[in-house]
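Data first, discussion second: the structure below is written as structure tokens.
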Amino acid sequence: PTQEMKERYTLVLKGHIALTRVRFPEGTTGSAIDALARAPLWEAGLDYDHGTGHGVGSYLGVHEGPQRIAKAPSTVALEPGMIVSNEPGYYKTDAYGIRIENLQYVTEPTSINGGDREMLGFEPLTLAPLDRRLIVSGMLSEKEWLWVDAYHARVLQELSPSLTPEEADWLSKACAPL
């Protein structure tokens with residue numbers, strides 16, 4: 001990959017992380033948080049022309065609502081237990097495309113230290129390593145960098161027991177700290 005590809009992958013990753021880490025009050029819709037995933041791209045004059053997330057329902061039906069995360073207005077609030085994808089991307093015409101996709105579920109409301117109301121959040125369901133070769137670590141904030149390392153530690157911890165020694169060795173390298 002070129003340096004441009006790596007930088008744009010990292011911008012997409014920053015949006016993906018922002019949407020994974022966000023805490024939000026009950027009654028919040030996906031359209032209210034869509035900009036979090038797009039902001040790193042917007043700051044660079046870039047965007048993508050698809051929704052950021054959609055519901056996934058019974059029997060693995062994709063694009064199942066009523067929940068979604070998109071620019072388009074939505075009146076459906078995100079509720080605990082809902083599954084929604086987190087898939088910001090970037091596509092350069094006639095050149096390449098990037099999408100980082102994960103499924104996550106809306107968590108029960110919990111308190112934030114010092115806050116005055118409980119907040120919902122997201123918990124990743126899909127556990128797969130990010131391609132560290134594409135991450136420009138200097139573009140990540142400390143919180144983003146720590147999130148990547150914590151996510152990779154979880155991937156390694158939860159998947160390794162089910163793998164052969166060779167697979168576990170590969171995963172250990174893929175999930176090494178930044």
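Restricting the search to the range 81-106, which residues are in a strand (DSSP E or B), of a type outside the set (Val, Ile, Thr) and either in contact (Cβ under 8 Å) with a residue 12 or more places away in the chain or over 20 Å from residue 10 (Cβ atoms) (or both)?
Across the range 81-106, the qualifying residues are 85, 86, 89, 90, 91, 92, 96, 99, 102, 103, 104, 105.
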Give the residue that is most open to solvent (accessible area, probe 1.4 Å), with candidates limited to residues of the range 117-141 that are closer than 12 Å to residue 17 by Cβ and hydrophobic (A, V, I, L, M, F, W, C).
-> 139
Every listed condition ((1) crowded, with 16+ Cβ neighbours inside 10 Å; (2) of a type outside the set (S, T, N, Q); (3) part of a loop (DSSP other than H, G, I, E, B)) holds for residue 38 save (3)
Identify, by number, the condition in (1) loosely packed, with under 12 Cβ neighbours inside 10 Å; (2) under 16 Å from residue 38 (Cβ atoms); (3) among the aliphatic types (A, V, I, L, M) that residue 70 doesn't meet.
-> (1)
Out of the range 153-178, which residues are exposed (fewer than 13 other Cβ atoms within 10 Å of the Cβ), among the hydroxyl-bearing types (Ser, Thr, Tyr) and part of a helix (DSSP H, G or I)?
-> 162
Of the residues 78, 11, which is among the aliphatic types (A, V, I, L, M) and touching a Pro at 6+ places or on another chain (Cβ under 7 Å)?
-> 11
If the Cβ limit is 7 Å and pairs must be 6+ apart or interchain, which residue in the range 27-54 that is within 14 Å of residue 84 (Cα to Cα) pairs with which residue that is modelled with pLDDT of 95 or more and among the aromatic types (Phe, Trp, Tyr)?
-> 33/24
Could you please let me know if residue 117 is under 18 Å from the mean Cα position of the chain (by Cα) and on the phi < 0 side of the Ramachandran plot?
-> no
Filtered residue count, the range 128-152, keeping only those that are in contact (Cβ under 8 Å) with a residue 24 or more places away in the chain, of a type outside the set (Val, Ile, Thr) and either assigned to a helix (DSSP H, G or I) or in contact with a helix residue (DSSP H, G or I) (Cβ under 6 Å, 6 or more places away or on another chain) (or both) | 13
Residue 46: passes all of (1) of a type outside the set (D, E, K, R); (2) touching a Leu at 6+ places or on another chain (Cβ under 8 Å); (3) part of a helix (DSSP H, G or I) but (3)
Counting only residues that are over 22 Å from residue 127 (Cα atoms) and among the charged types (D, E, K, R), which one in the range 80-109 is nearest to the chain's Cα centre (by Cα)?
-> 92
Of (1) in contact with a helix residue (DSSP H, G or I) (Cβ under 7 Å, 6 or more places away or on another chain); (2) in a loop (DSSP other than H, G, I, E, B); (3) farther than 20 Å from residue 17 by Cα, residue 71 fails just (3)
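The values are calculated or read from the model by the stated rules, or taken from the named source; none is laboratory data. Treat the numbers as computed from the prediction; the structure is a model and nothing was measured. Because the Cβ atoms are built from the backbone with ideal geometry, glycine has one as well, and the counts that use them run over all protein chains shown. Surface accessibility is based on the protein's heavy atoms, side chains included, excluding ligands, DNA and RNA. Shrake-Rupley method; radii C 1.70, N 1.55, O 1.52, S 1.80 Å.
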